[in-house]
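Participant: Provided herewith is a single structure, encoded as structure tokens, for subsequent inquiry.
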Amino acid sequence: MALSAQQISRWFNSVKLSCFITATQCGKHFQRPGRTLLLGFSAQPQMSSDNCFLQWGFKTYRTSSLWNSSQSTNSSRQEIGSGQSTLLPCMNEQTQKTQKIPNFDSELSLEALDDLPPVSPLQPVSEEEAVQIIADPPLPPDTFTLRDYVDHSETLQKLVLLGVDLSKIEKHPDAANLLLRLDFEKDIKQILMFLKDLGIEDNQLGTYLTKNYAIFSEDLENLKTRVAYLQSKNFSKAHIAQMVRNAPFLLSFSVERLDNRLGFFQKELELSVKKTRDLVVRLPRLLTGSLEPVKENMKVYRLELGFKHNEIQHMITKVPKMLTASKRKLTETFDYVHNVMSIPHHLIVRFPQVFNTRLFKVKERHLFLTYLGRAQYDPTKPNYISLDKLVSLPDEIFCEEIAKASVQDFEKFLKTL
């Protein structure tokens, strides 16, 4: 049972008063020090209240003035014999009274304090009681980091245990206000269980929540509705889990927006339902990102690079990232492969991975093959080298199988560029 500082103080005062009264009563039966008693017993000095308190472990209180007042009231005509006849019973009485002094652990138990009146919150607190009060440090009114709140927030502590990176979340001005107002049991636990049922593993929750902490502001029923919509479009559970991992904001979009995005790609690219589904599974960011880069790249392929519509369909289904690549990278890569290496459109369409490769890697290997006299990209001629092998093989295999040279020779050549 928890006790307030004021209740404990009252209890101690009651014990002190009881001991003080007992010490005063005992002092009245004692004679002045130095008198001789029967059978050679020497009169004991006055048992002051100091000894009483020391006997029971309480604070010492001086009662010398009470001794003087009690001695003045005693009769001066009191004889030694009467003192002898009354002193010994007094000692027994003192022993009995001493035994009746309340014990800290027995008679004055903590349960007795239940009878005390309740302490009013408006009652003034003494300075001694105020010193004993231990209060938690106040939360900082204004801070630039969530670290100051971790010790005070159970929600933040458990998110850290899950692997959430608060240093990245706190860069968003609305993150702290959202997370500090959430209750882990009521608001967060149900979202975590939903994500686990969806297929997000325990070691993936931290990374996912770091990117999309705003999912805690979503209604759970809305999240289930969006998953049900994807399932109605024949997305398997494994595909949905893969899409959510690779595009953390996917479930933050409404059913209407998801449906509009799927309809856009199916109509704009003139793809079948199955190819559209496969496209967004491989690159789910198409459903969450902006459509402007996609529209711009479609114009670049068609108007600037000269690809036909069916060729564009083939390339983007094999390399979906071509829809979101930067326009500059696309034009520079095509210019070098088509105009410098003299590779025609139909061969580029067969190996569109070249648009997903760093341009300097293509240049280094082409120049090395040209130096060796092996830069031959025509499939109708001997020693043909496809674009796929040119850009996808590691250096060791490229040098051994394609260039017919050692890696050291390739590295020496690169130093000359």
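Participant: I need every pair where a residue in segment 321-345 that is on the phi > 0 side of the Ramachandran plot and modelled with pLDDT of 95 or more has its Cβ under 6 Å from the Cβ of a residue that is exposed (fewer than 12 other Cβ atoms within 10 Å of the Cβ) and of a type outside the set (Val, Ile, Thr), sequence separation at least 6 or different chains.
Facilitator: Hits for this filter: zero, empty list.
Participant: Kindly indicate which of Thr331, Thr288 is more than 28 Å from Leu198 (Cα to Cα) and hydroxyl-bearing (Ser, Thr, Tyr).
Facilitator: So the residue among Thr331, Thr288 that is more than 28 Å from Leu198 (Cα to Cα) and hydroxyl-bearing (Ser, Thr, Tyr) is Thr331.
Participant: Please find, among Glu364, Glu401, the residue that is open to solvent by 100 Å² or more (accessible area, probe 1.4 Å) and either out of contact with any Asp or Glu (no Cβ under 8 Å at 6 or more places or on another chain) or within 22 Å of Met322 (Cβ to Cβ) (or both).
Facilitator: Every option except Glu401 fails the conditions.
Participant: Restricting attention to segment 116-125, does a residue exist that is open to solvent by 60 Å² or more (accessible area, probe 1.4 Å), closer than 27 Å to Gln242 by Cβ and either at pLDDT 90 or above or not in a helix (DSSP H, G or I) (or both)?
Facilitator: No, there is no match, as no residue in segment 116-125 is open to solvent by 60 Å² or more (accessible area, probe 1.4 Å), closer than 27 Å to Gln242 by Cβ and either at pLDDT 90 or above or not in a helix (DSSP H, G or I) (or both).
Participant: Of a type outside the set (S, T, N, Q), more than 12 Å from Leu159 (Cα to Cα) and surrounded by 15 or more Cβ atoms within 10 Å (Cβ to Cβ): does that describe Ala214?
Facilitator: yes
Participant: Any residue that is without any contact (Cβ under 8 Å) to a residue 40 or more places away in the chain, among the charged types (D, E, K, R) and either within 27 Å of Val164 (Cα to Cα) or open to solvent by 50 Å² or more (accessible area, probe 1.4 Å) (or both) - is there at least one of those in segment 241-255?
Facilitator: No, because not a single residue in segment 241-255 is without any contact (Cβ under 8 Å) to a residue 40 or more places away in the chain, among the charged types (D, E, K, R) and either within 27 Å of Val164 (Cα to Cα) or open to solvent by 50 Å² or more (accessible area, probe 1.4 Å) (or both).
Participant: Let me ask something else about it. Got a number for residues in segment 263-294 being open to solvent by 20 Å² or more (accessible area, probe 1.4 Å) and part of a helix (DSSP H, G or I)?
Facilitator: 15
Participant: Restricting to segment 404-417, and then to whatever is closer than 24 Å to Asn339 by Cβ and part of a helix (DSSP H, G or I), can you tell me which residue is most open to solvent (accessible area, probe 1.4 Å)?
Facilitator: By that ranking, first place goes to Leu414.
Participant: Of the residues that sit in segment 217-240 and are polar (S, T, N, Q) and either in contact with a helix residue (DSSP H, G or I) (Cβ under 8 Å, 6 or more places away or on another chain) or surrounded by 15 or more Cβ atoms within 10 Å (Cβ to Cβ) (or both), which one is nearest to Leu178 (Cα to Cα)?
Facilitator: By that ranking, first place goes to Ser217.
Participant: Of the residues Tyr371, Tyr377, Tyr384, which is touching a Phe, Trp or Tyr at 6+ places or on another chain (Cβ under 9 Å), more than 22 Å from Leu279 (Cα to Cα), loosely packed, with under 14 Cβ neighbours inside 10 Å and among the hydroxyl-bearing types (Ser, Thr, Tyr)?
Facilitator: Tyr384
Participant: So, one more: Which one is least open to solvent (accessible area, probe 1.4 Å), of the residues in segment 167-206 that are farther than 19 Å from Asp151 by Cβ and outside any helix (DSSP H, G or I)?
Facilitator: Among residues in segment 167-206 that are farther than 19 Å from Asp151 by Cβ and outside any helix (DSSP H, G or I), the one least open to solvent (accessible area, probe 1.4 Å) is Ile200.
Participant: Go through segment 308-351 and give me each residue that's more than 48 Å from the chain's Cα centre (by Cα), in a loop (DSSP other than H, G, I, E, B) and surrounded by fewer than 17 Cβ atoms within 10 Å (Cβ to Cβ).
Facilitator: Lys308, Ser342, Pro344
The values are calculated or read from the model by the stated rules, or taken from the named source; none is laboratory data. A quick note: this is a predicted structure, and the numbers were derived from the prediction, not measured. Glycine gets a Cβ as well: all are built from the backbone with ideal geometry, and neighbour counts include every protein chain shown. These accessible areas exclude ligands, DNA and RNA; they are computed on the full protein's heavy atoms, side chains included. Shrake-Rupley method; radii C 1.70, N 1.55, O 1.52, S 1.80 Å.
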